[in-house]
Amino acid sequence: MTTYPLSEPATTYANDDDGKPTSRILFKGTLSDCAANVEAMPHNERFSASIKMNALELSYGPDEVDELIRYLRNEDPGLSDKDIADVAQNIE
């Protein structure tokens, strides 16, 4: 799994019957927002959505979106701003 630009703007599009993205927009927001919205869809409808990054040449078809959702579900939240400040104070 690669690192995803979760805070970058993205758009979720509906797919056609062949699984290719259409011009119909389902959601707009960050990549993380789009993944969360797709995850909230009924499981059988998740495969009818693709996510494209707005400013980057990245797109996620149904299989990649499902992989992204699993990755985000299993990923630790990371350090909070307070945790980072505490680490910085301990270094000084």
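Counting the residues of region 6-29 that are more than 18 Å from residue 70 (Cβ to Cβ), within 15 Å of the chain's Cα centre (by Cα) and not aliphatic (A, V, I, L, M) gives 8. Helices (runs of 4 or more DSSP H) fully within the chain that include at least 3 residues being among the aliphatic types (A, V, I, L, M) and modelled with pLDDT of 90 or more: 31-40. If you go through region 31-68 and keep only what is under 11 Å from residue 11 (Cα atoms) and surrounded by fewer than 16 Cβ atoms within 10 Å (Cβ to Cβ), you end up with 54, 55, 59.
The values are calculated or read from the model by the stated rules, or taken from the named source; none is laboratory data. Everything numeric here is computed off the predicted structure, so don't read it as measured data. No Cβ is skipped: glycine too gets one built from the backbone with ideal geometry, and neighbour counts run over all protein chains shown.
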